[in-house]
Structure formats: structure tokens, C-alpha cells
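Undergrad: Here's a structure for you.
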Amino acid sequence: MRFAYTLTADKEDAKDLVQETFLKALTYYDKFVYNDNFKAWTYTIMKNTFINNYRRSFRNNTYKDKIKEGIYLNYYNTSVSNEPDAVFISKEIEKIIDKLDDNFKIPFKMHNDGFRYKEIAETLDLNLGTVKSRIFFSRKKLIKQLNG
């Protein structure tokens, strides 16, 4: 718990991180080498989980500007998402996504929810390349519909 708190600097987030670490340790216990240091193994799981969660939240809060240079900006969803224009745009995007075939829609939504390609492939029992191509083509279709 102390190590989790040093990573998160928040008591509730630290509790969540510890719980997620224990879940992953139990799930992947068959990967543990029996003559290895169990404590170090769980600390590594915790550190990697924290880093992955941080990257996922950072990626979800990054916006690529539409100018030629493509500047990446970090933003935080505050009251902007409640403004009428933002609500309308997000509803329109959801409508377009919902029109996609399930073979494309499900992996695309999972990826937007923060799942990694490998996690999506395992969950949907697909090849990794298939998942990547479906998400790529979903993006292309979405961009075409929004620009069209």
C-alpha cells in the first residue's frame, strides 16, 4: 500500500492500484517463476499497471490540432463537455460509430475505452493484425463520414 501511495499520491487511487495489482497477480500467477522474488514480481506488476493507467489517461486527454503541423494538446474534460455544441458533436459521432458493422464497431469502441490491441484481440478471440486493421478502417470510415 505504501508503494502504491508513493506512485499515486492519493489514498483512494492507491487502494484501486493495489486491488488491480492483486487481480493481475492472481490472473497471471502461472507466469510467476517459483524461485523468484514474489514481492519484487508484484511490485513490478504494480509499477507497470500504474504506468499503463497513466499513459491511457494521458492519451485520452490529448487532442491533435487540425493545422498542418499537427500540434498535440492536453485538455481536461470540464464543463466544456456539457455545452450544447459539444453534446451535439459527440451524439453525431456516436451515431456514425453505431452505424458501423459490429466487426468494426466493437473493437473500435473497446480501443477508445482504453483497451490495448492485445486485450481486444484476446477478448474477441481475433488475431492482433485483424484488430489493428479493423480499428484503422473504422477510423478511416469515421473521418470520411465527418468530413463528408
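The values are calculated or read from the model by the stated rules, or taken from the named source; none is laboratory data. Here the structure is a predicted model, which means the values were calculated and not measured. Please note: Cβ atoms are built from the backbone with ideal geometry, for glycine as well, and neighbour counts cover all protein chains shown.
Undergrad: Which condition does Leu146 not pass, out of (1) aliphatic (A, V, I, L, M); (2) in contact with a Lys or Arg (Cβ under 9 Å, 6 or more places away or on another chain); (3) farther than 29 Å from Tyr54 by Cβ, if it passes all the others?
TA: Going through (1) aliphatic (A, V, I, L, M); (2) in contact with a Lys or Arg (Cβ under 9 Å, 6 or more places away or on another chain); (3) farther than 29 Å from Tyr54 by Cβ one by one, Leu146 breaks only (2).
Undergrad: Being of a type outside the set (Ser, Thr, Tyr) and part of a loop (DSSP other than H, G, I, E, B) is the filter here; which residues of segment 17-44 pass it?
TA: Phe32, Val33, Asn35, Asp36, Asn37
Undergrad: Just to be sure, is Lys47 at pLDDT 85 or above, surrounded by 10 or more Cβ atoms within 10 Å (Cβ to Cβ), over 20 Å from Asn147 (Cβ atoms) and touching a helix residue (DSSP H, G or I) at 6+ places or on another chain (Cβ under 8 Å)?
TA: Against the criterion (at pLDDT 85 or above, surrounded by 10 or more Cβ atoms within 10 Å (Cβ to Cβ), over 20 Å from Asn147 (Cβ atoms) and touching a helix residue (DSSP H, G or I) at 6+ places or on another chain (Cβ under 8 Å)), Lys47 qualifies.
Undergrad: Report, ordered by the first and then the second residue, all pairs with beta carbons closer than 7 Å, sequence separation of six or more or different chains, a first member in segment 9-31 that is aliphatic (A, V, I, L, M), and a second member that is loosely packed, with under 11 Cβ neighbours inside 10 Å.
TA: Ala14/Met1; Val18/Met1
Undergrad: Could you check, for segment 64-83, whether at least one of its residues is exposed (fewer than 12 other Cβ atoms within 10 Å of the Cβ), closer than 24 Å to Thr8 by Cα and either modelled with pLDDT of 85 or more or aromatic (Phe, Trp, Tyr) (or both)?
TA: Yes; the residues of segment 64-83 include at least one that is exposed (fewer than 12 other Cβ atoms within 10 Å of the Cβ), closer than 24 Å to Thr8 by Cα and either modelled with pLDDT of 85 or more or aromatic (Phe, Trp, Tyr) (or both).
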